[in-house]
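The values are calculated or read from the model by the stated rules, or taken from the named source; none is laboratory data. The structure presented is a predicted model; accordingly, all values stated were derived computationally and were not measured. Quick reminder, even Gly has a Cβ in these numbers, built from the backbone with ideal geometry, and neighbours come from all protein chains shown. Note: areas computed on protein heavy atoms with side chains; ligands, DNA, RNA excluded. Shrake-Rupley method; radii C 1.70, N 1.55, O 1.52, S 1.80 Å.
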Amino acid sequence: MKFGKYFRSHQIPEWQEYYIDYNLLKSVINGLKKYTIKKNKSEPVVAVRPPEIEAEIKLIIETFQKLLILQFKHFSKCFKFEFKMIAKIKLVKIIWNFAVIDAKCNKKDVPTKMYQIKNMLEMYFKELIALRDFVNLNFRCIYKILKKFKKISEGVNEYDSGFSVVFGKLVLKSFVYQHSISLLKAIKVVETLYIDKFAKDQNSNRTQSKLNRIAQKQSLTYTEIFKTGIFIGLFIVFILILIFQTILTKFFTLASTDLFLVYQFNIFRGSISLFLYMLFWGINVYVFEKFNINYTRVLDFGLYYSTPFQLWNRAFFFLLFWILIYLYCSIANYFETTDLDTDHAFSSINNLFSMSVSTYIPPIVYFIFILYMIFPHPRWLNGRGRIWFFQLSFKIIISPFYDFPFIVPWATDQLLSLTISLRDFWYAFCYFVNACSTGKVSNDCRPGSINITEYVVIFIPLGLRILQCLNRVYFNKTRKEKLVQLFNCLKYITSSISTVLSFYQSNNVIFVLWIIFVVISSLYSFFWDLKYDWAFLQKGSSNFLLRSQLSYPYKWFYYVIILANFVMRFAWTLSISSHSFIQQLSIRHFVSLLLAIVENFRRSCWNYIRIEVEHIKTIGAFSIFHHFELPYEFNIDLSDAKLINLLNKEFHKAMTSIELGNQKEFVIFAN
């Protein structure tokens, strides 16, 4: 990998403005290449150039030198701010909190408060490691660019070793160089505190390795690759079997009275839509990581989050389980409703696929997912992620009553795309209750064509988004922001109206009204995506229909998503209204399933740009990680000279107790 690509891919997105601009400096240096003197080994080099070319060469060299000095000072200024705000203030606060807990805290409250400090200490360690990597990467960039400068300037016989001396003195006097050892000591202090306070009876090496895993980016392991490969292979094989079984059982010609079609297919439709959404989210995360989109900061994931391969493995597990249950129920129904010759061999197969068993097992596709979500062990099966999910669900429920963060409306929008899954989950629960009470494939939860539960499930996410928009109207301060949220609220109201009309198409007038509102709702939502959710249609943008600042390097990616979003925007409305325009039950079920999957895919595409927009807002901000509150918080007035002196004394007191055995982290300084 070329250094320029490596340099970009390892940058901290929020600090992009404070990195050395490698590409700019490289382009300035490359301006000298056209004046390179070709050397012949047999003849001495004689360089005779016109005065104007000499002047241009000197201008290029001076420009490079000034740019490098300015950018180094800018980088050093960023480090100075981060070092003072992170390495000093936070460390003193953490040490002071430990002292207060040891001296004054009630024994009953100690575990809770120590857990708070543990979270803060882990995040603080991660911040220090990020700051260290920020420094190392910038100095490595300086080393590379100076090496390139020397090589090219020697080619035009204009290399000035005096600049290297001047720049070296600037580096040695800089804040970043003089305090680099203090940064390494601060990292060592955190490691020591973490092991002393939280190792307990465990091996200290194990605790140290845990801390290191927290600080590092989650790397891909061969085990994850192997698991994902196995799951993908099995999934492809099972999909082929599923297609063959669909053709064999003549699914699309099943009668509208077929028990599997009438009572069981809805359960499978909603569950596969949910599991495919999990798969699409894994792809989202993979793309975010590939293009350095800090989605963990945007969504406040904190310290623990899953890699894309872990997400895919979970999704494929549920999908494979779904296919097995679906195949069993479908084949059992086929044997039950079809007259076939019953020889001994076939009779044993017929007994294996029994209707008495398939009556009860369809809801298992949901129940196995529920068991996964409520599994009590906090360390197994992504325990922290499941706890985070329930905390988020609670935040969504109470969102109309408090000033919520970005993730709450974002997660509620995800629920809107999972309306079919939510609706079919309640149907699966009711089906199972009926099956257990009657012993037959039936469902008395739907005495009429419409069930009140469908209304409730469909309108819960819509109602929450409407209330959230009204909440934003209350909390937003400016008139413009309030108006934007009112129009956003109107968007969800039009979606609600089109949904209601889809259930009552008893005459042509209502049908025409439904068509009108479907078009209005879809176009309204599409425009909102472009203008407000994705911040496109920016005036004066150099990118047609887009915005000036883009995180993904390929413009065609944005245009493809815009076009796909326009087409698929109609899928959400149609997915919950397909009963109104398709009469044949098998076709209707298949279309509703297809539209639900299309809507999940559209939401996945929407996520790429929506998360990118929020990520761009954080660029230039110094906070790059989720913030945890300490048990005992106190403010530090940076204008109080006495307090700052006391802070420095406490910090240096912590530093003097640490000795560094090796200093390989900053080996680039020596160059």
Wholly enclosed helices (runs of 4 or more DSSP H) of region 133-200 bearing at least 3 residues closer than 27 Å to GLU62 by Cβ and under 37 Å from the mean Cα position of the chain (by Cα): 175-178
Among residues of region 76-105, those that are farther than 20 Å from LYS197 by Cβ and either out of contact with any helix residue (DSSP H, G or I) (no Cβ under 9 Å at 6 or more places or on another chain) or open to solvent by 60 Å² or more (accessible area, probe 1.4 Å) (or both), counted: 5
Total residues in region 290-302, condition over 20 Å from TRP388 (Cα atoms) and touching a residue at least 60 places away in the same chain (Cβ under 8 Å): 3
Matching residues in region 215-224 - criterion: being farther than 13 Å from TYR286 by Cβ, at pLDDT 70 or above and either open to solvent by less than 100 Å² (accessible area, probe 1.4 Å) or among the β-branched types (Val, Ile, Thr) (or both): THR223
Single residue of LEU415, LEU381, LEU371 found to be under 20 Å from the mean Cα position of the chain (by Cα), free of Cβ contacts under 8 Å to residues at least 60 places away in the same chain and more than 30 Å from THR618 (Cα to Cα): LEU381
Those residues of region 106-119 which are open to solvent by 10 Å² or more (accessible area, probe 1.4 Å) and either part of a helix (DSSP H, G or I) or charged (D, E, K, R) (or both), in sequence order: LYS107, LYS108, ASP109, VAL110, PRO111, THR112, LYS113, MET114, TYR115, GLN116, LYS118, ASN119
Those residues of region 134-157 which are open to solvent by 10 Å² or more (accessible area, probe 1.4 Å) and touching an Asp or Glu at 6+ places or on another chain (Cβ under 9 Å), in sequence order: ASN136
Residue in region 159-166 that is crowded, with 17+ Cβ neighbours inside 10 Å and either out of contact with any helix residue (DSSP H, G or I) (no Cβ under 9 Å at 6 or more places or on another chain) or modelled with pLDDT of 80 or more (or both) present: yes
Total residues in region 508-537, condition surrounded by fewer than 16 Cβ atoms within 10 Å (Cβ to Cβ) and not in a helix (DSSP H, G or I): 1
Some residue of region 228-247 being at pLDDT 90 or above, of a type in the set (Gly, Ala, Ser), surrounded by 20 or more Cβ atoms within 10 Å (Cβ to Cβ) and part of a helix (DSSP H, G or I): no
Within region 252-294, tally of residues that are of a type outside the set (A, V, I, L, M), surrounded by fewer than 19 Cβ atoms within 10 Å (Cβ to Cβ) and either in a helix (DSSP H, G or I) or under 22 Å from the mean Cα position of the chain (by Cα) (or both): 7
Every pair of residues 6+ apart whose Cβ atoms lie under 9 Å, when the first sits in region 3-30 and is open to solvent by 70 Å² or more (accessible area, probe 1.4 Å) while the second is among the β-branched types (Val, Ile, Thr) and assigned to a loop (DSSP other than H, G, I, E, B): GLN16/ILE619; GLU17/ILE619
Every residue from region 529-555 that is of a type in the set (S, T, N, Q) and farther than 19 Å from PHE406 by Cβ: GLN538, SER541, SER542, ASN543, SER548
Selection from region 588-606 of residues that are open to solvent by less than 60 Å² (accessible area, probe 1.4 Å) and touching a residue at least 40 places away in the same chain (Cβ under 8 Å): HIS589, SER592, LEU593, ALA596, ILE597, GLU599, ASN600, ARG602, ARG603, SER604, CYS605, TRP606
Residues of region 472-486 satisfying the condition of being closer than 20 Å to SER525 by Cβ and hydrophobic (A, V, I, L, M, F, W, C): VAL473, LEU483, VAL484, LEU486
Residue list for region 466-507, restricted to those being among the charged types (D, E, K, R) and not in a helix (DSSP H, G or I): LYS477
Test set (1) open to solvent by less than 60 Å² (accessible area, probe 1.4 Å); (2) under 17 Å from GLY463 (Cα atoms) - PHE401 fails condition number: (1)
Residue, nearest to LEU274 (Cα to Cα), within region 348-374, restricted to residues that are modelled with pLDDT under 85 and open to solvent by 50 Å² or more (accessible area, probe 1.4 Å): VAL357
Residue pairs meeting the criteria (Cβ under 6 Å; at least 6 apart or on separate chains; first of a type in the set (Gly, Ala, Ser), in region 255-278; second at pLDDT below 85 and surrounded by fewer than 22 Cβ atoms within 10 Å (Cβ to Cβ)): SER256/LEU585
Search result, residues across region 487-507 that are open to solvent by 20 Å² or more (accessible area, probe 1.4 Å), in contact (Cβ under 8 Å) with a residue 12 or more places away in the chain and more than 18 Å from PHE526 (Cα to Cα): LEU501, PHE503, GLN505
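Each row is one residue, and each column tells you yes or no for (1) open to solvent by less than 20 Å² (accessible area, probe 1.4 Å); (2) in a helix (DSSP H, G or I).
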{"residue": "GLN391", "(1), (2)": "no, yes"}
{"residue": "ILE396", "(1), (2)": "yes, yes"}
{"residue": "PRO405", "(1), (2)": "no, no"}
{"residue": "VAL408", "(1), (2)": "yes, yes"}
{"residue": "ASP413", "(1), (2)": "yes, yes"}
{"residue": "LEU416", "(1), (2)": "yes, yes"}
{"residue": "ILE420", "(1), (2)": "yes, yes"}
{"residue": "ASP424", "(1), (2)": "yes, yes"}
{"residue": "TYR431", "(1), (2)": "yes, yes"}
Checklist (1) at pLDDT 90 or above; (2) in contact with a Ser or Thr (Cβ under 7 Å, 6 or more places away or on another chain); (3) open to solvent by less than 20 Å² (accessible area, probe 1.4 Å) applied to LEU319, failing item: (2)
